[in-house]
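Participant: Okay, here's the structure, questions in a sec.
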Amino acid sequence: MGASELPLARHDRLLQTSGALALVSVVLVAADFWHPFGPKVLLWVPQVAGAVVAFLAFRRTALAPALPDPTRRFWRLLTWAVACVGVGITAQTFDVLTTDDPRGEHTGPAMLGLCGVGVAFIMYALYRLPLGRQTPGELLRVILDAGTLMLATAVFIWQFSTRNALNTGDRTAVYVSLFVTVIALLAVFAVAKFVLSSHLYVDNRALRMLGLAMLVGAVGPMLRAPFEAVDPHLFPDMASAPVVYFFATFAATYQRAATYGPRRGTVTRRQRSFSLLPYAAVAAVDGLLIAVTMRHDSGEFVVVAAAVLITALVVLRQLTAFRDNSRLLERLDHGATHDALTQLPNRVLFHTRLQKALNTPGDRPVAVALIDLDDFKEVNDTLGHEVGDLLLVGVAQRLQGCVRTEDTVARLGGDEFVVVLDDADPAAADQAAERMLNALRQPVYADGHELPIRASIGIADGRTGDEPSVLLRHADIAMYAAKNLTGTTYLHYEAGMAANGSEHAHLGAELREAITGDQLFLVYQPIVSLDDGRIMGSEALVRWAHPTRGTLAPDSFIPVAERTGLIVPLGRWVIRTAFAQLAAWIAEHGEAAPGVLNVNVSARDLREPGFADGVAALLTEHHLTADRIVLEITETMALEPGQSVVNLHRLRALGLRVSLDDFGTGHSTLTLLHDCPIDEIKLDRSFTQAEIDGRPPVSAAVIHLAQALGLHAVAEGVETAEQAEQLLSLGYIAAQGYYFARPMPADKFSELLHEDRSLMPTLVAAGQAFPAIKG
């Protein structure tokens, strides 16, 4: 129970009244048991008063506006159940007080009928309660555990009630006992099943309290025999019923105090795979077994005691194993929902928390703040990734210290952080943003370096019921608008921000339509062999046939796609279209088709958990072998830890090859080439087109490095015969560029395949190489 719930439980007047009634009833019954006194009507008053208090507590919870509809319905049905049971027990009280002979159970038709209706209400309420999704194995375990509790209860009912009724020979007593037994067993089974199940709409502690109340209510009447032997006017119900009502009132109080919004300090934990309730039932039956056998032969008692001890040791061993398994599952859950570097919630948990905040009952404000570090790339480039990681950890710690317990700070990836400000209006969001700005204005000290922080914060103000994706997109637009301001600052999203000052946002809206509206198309640039000019493969490049701006190159819309999240559906479209085209070429041209097809992959694609599976499915769909596909990534993507590296290894395990694009312009290191799953490097055009000045060219070092590491090398941006000649002389065997062919539509590329000719413009007709490098 959270800190906010404790004051409610401590200062709840109905709960205090119910607790006082239960305590008074137990004390009075205990005193009367040891020394009978009168009048007995005083012993029945707490029972009747307890029913009234429980009814009021249940009704108050059923009317709580902050609770979800299924929760209020559950407690509304339980309110009727308490009313029926309370009236039924009051009828029993009247019957006992007005009879001349109080001996027996005094379970008349009115009491049995009303209590039966009350139990029916309880079971119907449990039946209507929505459950979480469960596997057949989990459902079987729940049924077995509930059956264990029911069997243990049946043993106690037999020992203390049914067996005595059979010995009296009174058929009416037997039938009444059987009726009560069936009701009690069904109630215990139903409550146990739902206590042990996953429950989405009823507080865990409330259900446990209800289960405890049902258990006390079922066991209490079975103690009638010892009470009757002391005083025929003394009933165990006098003490057990107020205790039942107290537990029920406690359950209603727990439920009313429960909250359904996300909490930064509360992580959704894995459902525990075991419960202590079945083991408690085993212990209770073992205790009863020892108590029964102690009266008989001592030899039997030794055997029974040994059996009970063995059972206890086995249970203890099993509980220890369960505890270790639970700890392991908790660690796995934490790793799946938290960023490995900063230990903040990751993208998956962020979306879960945001969804919960927006789905919380009632009309409440919810704000999202998106934080981007403006100079993070420079830190990585100049000081290395170790220092960059320390900077990210420092920023994460400062952001966590700026928000409330009910808020969530998460890392989306790279240098992007996001905060869910639950129940925060624009003024509260401003206060949170000011705290974050003040925290980020102080430099971070990492590995002996003083690192100033410059960040841009975009805030989207929403309310419950809004779409999470829309809220995040608005925060993204506001964040990029804040980047145009000087220094570390923040801006709230405004409706006119996109229309008046955000060309990217407008282009993003058009891009969403373009992906589904057949405005995108692919062009293909040949990858040729430098020694004879023949086509070795092709690179697929995306273009946008914009209805008003003409054909747009990737540089004009890929950054927009990355910022708006459209890069993922865009990437899927490119891969699906390129694979279909390669399959068509193979069907049409056979062995003359391109040997490989290079497709560019974005960083967001690689961070998607199901990306590798999606590629495998497309290979199967188009009957392509994996070795004909080369996925091009950037050096920054290869360095990203976590899901990106996992996907790269899975893709290579399928047989696909991975190419490092624009090699030499980013974070290239020998460690990267040695440790990351890479098969090919593509020399950046800046090195291909570098002027010859007498110094050894960088392209020479790159080809020697590739040969030493067993990597295939392709030179990009070849535009002149001299460049092609030099690359071939250095040892390059593959290249692409305008010198050979510009990117072209699929049908034009197909014509080249039909012609089956060299693309080397100055190649002699006989197929010989350049004269300057001949031989």
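The values are calculated or read from the model by the stated rules, or taken from the named source; none is laboratory data. Model, not experiment: these values are computed from the prediction. Every residue, glycine among them, receives a Cβ derived from its backbone with ideal geometry; neighbour counts consider all protein chains shown.
Participant: Within the stretch 571-615, how many residues turn out to be under 25 Å from the mean Cα position of the chain (by Cα) and closer than 17 Å to residue 632 by Cα? Let's see the steps before the verdict.
Facilitator: Filtering the stretch 571-615 down to residues under 25 Å from the mean Cα position of the chain (by Cα) leaves 571-572, 602-615.
Filter again for closer than 17 Å to residue 632 by Cα, leaving 571-572, 602-608, 611-612, 614-615.
Number satisfying all stated conditions: 13.
Participant: Looking at 190, 206, can you tell me which residue is within 33 Å of the chain's Cα centre (by Cα) and modelled with pLDDT of 75 or more?
Facilitator: When all the criteria are applied, what remains is 206.
Participant: Cβ-Cβ below 7 Å, separation at least six or inter-chain, first residue in the stretch 390-404 and within 14 Å of residue 371 (Cα to Cα), second of a type in the set (D, E, K, R) and modelled with pLDDT of 90 or more: which pairs?
Facilitator: 396/411; 402/435
Participant: Moving on. Identify, please: which residue in the stretch 329-381 is within 15 Å of the chain's Cα centre (by Cα) and assigned to a strand (DSSP E or B) and is, among those, surrounded by the most Cβ atoms within 10 Å (Cβ to Cβ)?
Facilitator: This residue is 345.
Participant: Check residue 406 against each of (1) over 26 Å from the mean Cα position of the chain (by Cα); (2) modelled with pLDDT under 90 and name the one condition it does not meet.
Facilitator: All conditions pass for residue 406, except number (1).
This table checks each residue for (1) at pLDDT 90 or above; (2) in contact with a helix residue (DSSP H, G or I) (Cβ under 7 Å, 6 or more places away or on another chain).
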| position | (1), (2) |
| --- | --- |
| 656 | yes, yes |
| 662 | no, no |
| 671 | no, no |
| 681 | no, yes |
| 696 | no, no |
| 701 | no, no |
| 744 | yes, no |
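Participant: Being more than 28 Å from residue 583 (Cα to Cα), in contact with a strand residue (DSSP E or B) (Cβ under 6 Å, 6 or more places away or on another chain), buried (at least 17 other Cβ atoms within 10 Å of the Cβ) and at pLDDT 85 or above, is that true of even one residue in the stretch 730-742?
Facilitator: Yes, the stretch 730-742 has at least one match.
Participant: Answer yes or no: is there a residue in the stretch 742-750 that is of a type in the set (S, T, N, Q), over 19 Å from residue 682 (Cβ atoms) and assigned by TED's automatic domain parsing to the domain that holds residue 551. Step through it out loud before you land on a result.
Facilitator: Pass one, the stretch 742-750, residues of a type in the set (S, T, N, Q): 750.
Still in the running and over 19 Å from residue 682 (Cβ atoms): 750.
Still in the list and also assigned by TED's automatic domain parsing to the domain that holds residue 551: 750.
Checked against the condition, which is being of a type in the set (S, T, N, Q), over 19 Å from residue 682 (Cβ atoms) and assigned by TED's automatic domain parsing to the domain that holds residue 551, the stretch 742-750 yields at least one hit.
Participant: Still on this structure, I have one more. Would you please name the residue that is farthest from residue 597 (Cα to Cα), looking only at residues in the stretch 743-761 that are more than 52 Å from the chain's Cα centre (by Cα) and surrounded by 13 or more Cβ atoms within 10 Å (Cβ to Cβ)?
Facilitator: Ranking the candidates gives 760 first.
Participant: Go through (1) crowded, with 17+ Cβ neighbours inside 10 Å; (2) under 19 Å from residue 676 (Cβ atoms); (3) without any contact (Cβ under 8 Å) to a residue 40 or more places away in the chain; (4) hydrophobic (A, V, I, L, M, F, W, C) for residue 708 and report which single condition fails.
Facilitator: Condition (1) is where residue 708 drops out.
Participant: Let me ask something else. Return the pairs, sorted by first residue and then second, in which the second residue is hydroxyl-bearing (Ser, Thr, Tyr) and modelled with pLDDT of 80 or more, the first residue lies in the stretch 199-213 and is in the same structural domain as residue 252 (by TED's automatic domain parsing) and part of a helix (DSSP H, G or I), the beta carbons are less than 7 Å apart, and the residues are 6+ apart or on different chains.
Facilitator: Close Cβ pairs satisfying both conditions: 205/254; 206/254; 209/254.
Participant: Where residues in the stretch 424-433 are assigned to a helix (DSSP H, G or I) and within 28 Å of the chain's Cα centre (by Cα), which of them is surrounded by the fewest Cβ atoms within 10 Å (Cβ to Cβ)? Explain how you work it out, then say what you get.
Facilitator: Residues of the stretch 424-433 assigned to a helix (DSSP H, G or I): 426-433.
Pick out the ones that are also within 28 Å of the chain's Cα centre (by Cα) and you get 426, 428-429, 432-433.
Numbers: 426: 12, 428: 17, 429: 23, 432: 22, 433: 23.
The residue in question is 426.
Participant: Among the residues of the stretch 544-601, write down those that are under 24 Å from residue 681 (Cβ atoms), modelled with pLDDT of 90 or more, in contact with a helix residue (DSSP H, G or I) (Cβ under 6 Å, 6 or more places away or on another chain) and not in a strand (DSSP E or B).
Facilitator: Of everything in the stretch 544-601, those that are under 24 Å from residue 681 (Cβ atoms), modelled with pLDDT of 90 or more, in contact with a helix residue (DSSP H, G or I) (Cβ under 6 Å, 6 or more places away or on another chain) and not in a strand (DSSP E or B) turn out to be 571, 579.
Participant: Taking the stretch 23-37, which residues are surrounded by fewer than 23 Cβ atoms within 10 Å (Cβ to Cβ) and either touching a residue at least 12 places away in the same chain (Cβ under 8 Å) or in the same structural domain as residue 363 (by TED's automatic domain parsing) (or both)?
Facilitator: First, pick out the residues of the stretch 23-37 that are surrounded by fewer than 23 Cβ atoms within 10 Å (Cβ to Cβ): 23-24, 26-37.
Listed by number, the residues that qualify are 24, 26, 28, 29, 30, 32, 33, 36.
Participant: So residue 58 passes all but one of these: (1) modelled with pLDDT under 90; (2) assigned to a helix (DSSP H, G or I). Which condition number does it fail?
Facilitator: (1)
Participant: Need pairs with beta-carbon distance below 6 Å; first residue touching a residue at least 12 places away in the same chain (Cβ under 8 Å) and within the stretch 506-518, second part of a helix (DSSP H, G or I) and loosely packed, with under 15 Cβ neighbours inside 10 Å; sequence gap 6+ or separate chains.
Facilitator: Close Cβ pairs (under 6 Å, with a partner that is part of a helix (DSSP H, G or I) and loosely packed, with under 15 Cβ neighbours inside 10 Å) amount to 515/569.
Participant: Restricting to the stretch 434-468, count the residues that are in contact with a Lys or Arg (Cβ under 9 Å, 6 or more places away or on another chain), part of a strand (DSSP E or B) and β-branched (Val, Ile, Thr).
Facilitator: Residues flagged as in contact with a Lys or Arg (Cβ under 9 Å, 6 or more places away or on another chain), part of a strand (DSSP E or B) and β-branched (Val, Ile, Thr) within the stretch 434-468 amount to 1.
Participant: Take residue 412 and tell me if it is touching a strand residue (DSSP E or B) at 6+ places or on another chain (Cβ under 7 Å) and not assigned by TED's automatic domain parsing to the domain that holds residue 603. It would help to see each step written out before you state the result.
Facilitator: Working: touching a strand residue (DSSP E or B) at 6+ places or on another chain (Cβ under 7 Å): yes; not assigned by TED's automatic domain parsing to the domain that holds residue 603: yes.
Criteria met by residue 412.
Participant: Can you tell me which residue among 471, 421 is assigned to a helix (DSSP H, G or I), within 23 Å of residue 337 (Cβ to Cβ) and either modelled with pLDDT of 90 or more or of a type outside the set (Asp, Glu) (or both)?
Facilitator: Values: 421 fails: assigned to a helix (DSSP H, G or I).
Of the residues listed, the single one that is assigned to a helix (DSSP H, G or I), within 23 Å of residue 337 (Cβ to Cβ) and either modelled with pLDDT of 90 or more or of a type outside the set (Asp, Glu) (or both) is 471.
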